[in-house]
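Report on the following structure.
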Amino acid sequence: MQIKAILADDEEHLIDYLESLLGEVWPQLAICGRAKNGHEALELIEGRRPHLAFLDVRMPGVCGMEVARRVAKSCWIVFTTAYDHYAVNAFESGALDYLIKPVSRERLEKAVERAKKQLAVSLNPPWYFSEIVERLMGKMEQKHQDFLQWIRVQHGGGVKLISVEEVCYFRAEDKYTVVVTGGEESLISKSIRELSEELDPSKFWRIHRGAIVNVSQIDKVNRSVTGRGSIRLKERRELLVVSRPYLHLFKQM
Amino acid sequence: MERKRKTIFRILLCNVVFNTVLALLLTAAVNKSALYANLILLQCIGIIVFSVTLPALHLIKFKRLERQPVIVMTAVLASIWLIALFASRLYGKDILSFLRKEYAFAVQIAIFNVIFVSVAAYVIISRNKISTATTLTEQERNKRLDGDRKVAEMSLRLLQAQIEPHFLFNTLSNILRLLDTDPDNGRAMLVDFMGYLRMTLAGSRSLSTTLGQEAEMMGAYLNIFKMRMGERLRYSIEIPDNLKDIAIPSMLLQPLVENAISHGLQPKVTGGEISVRAQKTGEILRIDVCDTGVGFGNSGGGLGTGIGYVREKLNSKSPDGNRGRLTFMENEPCGVRATIELSHDADKSDPRRR
């Protein structure tokens, strides 16, 4: 029986390259489809039912990892990646195979040997295969949690994007919030409570019922004899008051 | 504020000590029995003089002493003097009648005091000024050293971001393939890659470049991506010829273009367009990098190292007189428009006129 495979990579020349190398190393392999993004890869795997899929980790639409997670029950997977420190570390500990671009002939031969052996045992991957992919994804996702990064504000007929790193502090104003940067203030409709849940708590500290400060923008923290605290910022002239319940944040400063 | 209060107290303390010594001397030399009377008399004179001299000095010369603490101090001292007056009555000596009798003596003491307070104030305040000046210069120096170190760290990290491994290895993989199947394009890509690397390394070593050079570098960079992404990337660079010689801080555009590609176009299945444009209105040089990608909010991840570097560069006044800002707007109908605005002093920064 002929083994079928699909290739997925958003860069056409790289897919060509892999296909021609595979043609030399494993001439009996039937390449039954090429995908330029994650969606196409999923469709191809669904429609053509290959035994093996070579997936680029970084692809537009749906990334290679996500594709693998969805199809792990039906086909064997070999990942390709240009350089991904985390990914490579993760792969090395797992049962999945990976190729680093540019793919060398020797490395591809090894991968092919391994795939042939696995396919000889079973054309379908074992039941725990999807679990391995799942665990791998968990490992790779830890490094970027989804905190709020951009704030959209109305600005002269357009929408301005303010990076949270630029923000000096947020100040509550009724149900709205004033976003204060070094040069200007803008009003957004999010409440300060919603913001405090969405911002990275290691970079943004609540210092008052109605204020959140960007820690990297703090110049100096003053504590008065009476135990009240005030913050001087690097790019603003006004002082921010730290109310008593939040003073402990600055104990070690 | 704190400091000024301290200065006034110090002068007052000197004055009190001075008058105490004077009172002791007087007691020892003239009338041995009247230590308390002398002490009270001299301190009273001293305090009156002090409360008049210091505000007077302030009006004449020491503008640095803020008005409010001086007024407060005067009020406090006046009340102390009143208390002293009552105290002297308790001792059975009417200080006013004594002053009336011995006014010549009191005037002498007062003159002594005026001189003393003035000298003490002068010495203490100028010493303060010197120490403030020293701390200021020290702070300034530390700040500068800190700034230098930060810039060095930043440019190192920027360099790492510019020859980021993904970019490096994907590009090399493409070249490897093209050299087999399409040697002409492979060679062209290699030339662009070498050009980009060379300009990146040169840029990381110098503070400023010209808009024309920066545009050329972006041309090479975008050519490489065009080769890799094919139909998914279209780009245009429009820099008017008369702006090409304008000096700008080096490495401003690459982080913006890189951002547009990696956060805008690469995650988008259909790809899109990047345009780099420059225009000058009056003294303001404006450079736009627009993309029609997925937009920042949708690609995850925040500002890269590169953007932080650009902002840092624009915030600090560069040696050639540029200062500017970076803003991001949503592009219509999709994507992001990054805009750099540099207020540009043509006389200082045009390299041909230097």
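Rule-based calculations on the coordinates, nothing more; no lab input. Quick caveat, the model's predicted, so the values are computed rather than measured. A quick note on method: Cβ atoms are made from the backbone with ideal geometry, for glycine too, and the neighbour counts reach across all protein chains shown.
Could you list, in their original order, any pairs among A:Lys36/A:Lys139; B:Lys6/B:Lys129; A:Lys175/A:Lys220; A:Lys234/B:Lys143; B:Lys244/B:Lys280 whose Cα atoms are separated by more than 22 Å? Mind dumping the intermediate values first?
Details: A:Lys36/A:Lys139 26 Å; B:Lys6/B:Lys129 13 Å; A:Lys175/A:Lys220 29 Å; A:Lys234/B:Lys143 13 Å; B:Lys244/B:Lys280 11 Å.
The pairs that break the limit, which is 22 Å between Cα atoms, are A:Lys36/A:Lys139; A:Lys175/A:Lys220.
Here A:Lys116 is the anchor, and the aspartates and glutamates within straight C-alpha reach of less than 18 Å, apart from those fewer than 8 places off in the same chain, are A:Glu19, A:Glu24, A:Asp97, A:Glu106.
Expressed as a rounded percentage, what relative contact order does segment B:163-353 have, with Cα pairs under 8 Å and six or more residues apart?
18
Please identify which residues in segment B:142-178 have an amide N closer than 20 Å to a label point set 7 Å out from the Cα of A:Val25, following the Cα→Cβ vector. Counting backbone N atoms under 20 Å from the label point, the list is B:169-178. What's the center-to-center distance, using Cα atoms, between segment A:167-240 and segment B:172-206 in Å? Distance between centres, Cα-based: 47 Å. Close amide H pairs (under 5 Å, H built 1.01 Å from N) link B:Thr210 with B:Ile248, residues at least 5 positions away or on another chain.
Just in segment B:143-187: which trypsin sites (Lys or Arg not before Pro) are loop by DSSP and have at most 16 other Cβ atoms within 10 Å? Can you show the working numbers first?
Values: sites: B:Lys143, B:Arg144, B:Arg149, B:Lys150, B:Arg157, B:Arg177, B:Arg187; in loops: none.
In loop regions of segment B:143-187 (DSSP not H, G, I, E or B), there are no sparsely surrounded trypsin sites (Lys or Arg not before Pro).
Note on B:Leu35/B:Leu13: beta-carbon distance plugged into 1/(1 + (r/R0)^6) with R0 of 22 Å gives a FRET efficiency of 0.60. Once you reduce segment B:4-22 and segment A:1-77 to the center of their Cα atoms, the two points are 88 Å from each other. Under 5 Å from the amide H of A:Asp200 lie the amide H atoms of A:Leu148, each residue being 5 or more positions distant or on a separate chain, with H modelled from the backbone and absent for Pro and chain starts. For A:Trp76, the amide hydrogen comes within under 5 Å of the amide hydrogens of A:Leu52, A:Ala53, counting only partners 5 or more places away or on other chains and with H modelled in the peptide plane.
In order along segment A:106-121, phi translates into HN-Hα couplings of 4, 5, 5, 4, 4, 4, 5, 3, 5, 5, 4, 4, 4, 5, 5, 6 Hz, rounded to whole numbers, per the Karplus curve 6.51 cos²θ - 1.76 cosθ + 1.60 with θ = phi - 60° and x for Gly and Pro. Residues in segment A:3-22 near a label at A:Lys110, defined as backbone nitrogen under 18 Å from the 7 Å Cα→Cβ point? Counting backbone N atoms under 18 Å from the label point, the list is A:22.
Arrange the peptides A:202-210, A:60-68 so that the one whose residues have, on average, the most other Cβ atoms within 10 Å appears first.
Working: A:202-210: 17.8, A:60-68: 21.7.
Result, highest mean first: A:60-68, A:202-210.
Restricting to DSSP loop positions (anything but H, G, I, E, B) with no more than 15 other Cβ atoms inside 10 Å of their own Cβ, which chymotrypsin sites (Phe, Trp or Tyr not before Pro) remain in segment A:148-187? Taking segment A:148-187 and a limit of 15 other Cβ atoms within 10 Å, no loop chymotrypsin sites (Phe, Trp or Tyr not before Pro) are found.
Grab the DSSP H runs of chain A that are 4 residues or longer, score each as -39,500 (n - 2.57), total them, divide by all residues and round the 222 nm result to the nearest 500 deg cm²/dmol. For chain A, the value works out to -9500 deg cm²/dmol.
Across segment A:51-67, coupling constants 3J(HN,Hα) worked out from phi with the 6.51/-1.76/1.60 Karplus curve, θ = phi - 60°, read 8, 9, 10, 9, 10, 6, 5, 9, 9, x, x, 10, 6, x, 4, 5, 4 Hz, and Gly and Pro carry x. In order along segment A:236-246, the Karplus-derived 3J(HN,Hα) couplings, from 6.51 cos²θ - 1.76 cosθ + 1.60 at θ = phi - 60°, round to 10, 8, 6, 9, 9, 8, 9, 7, 3, x, 9 Hz, and Gly and Pro are given as x.
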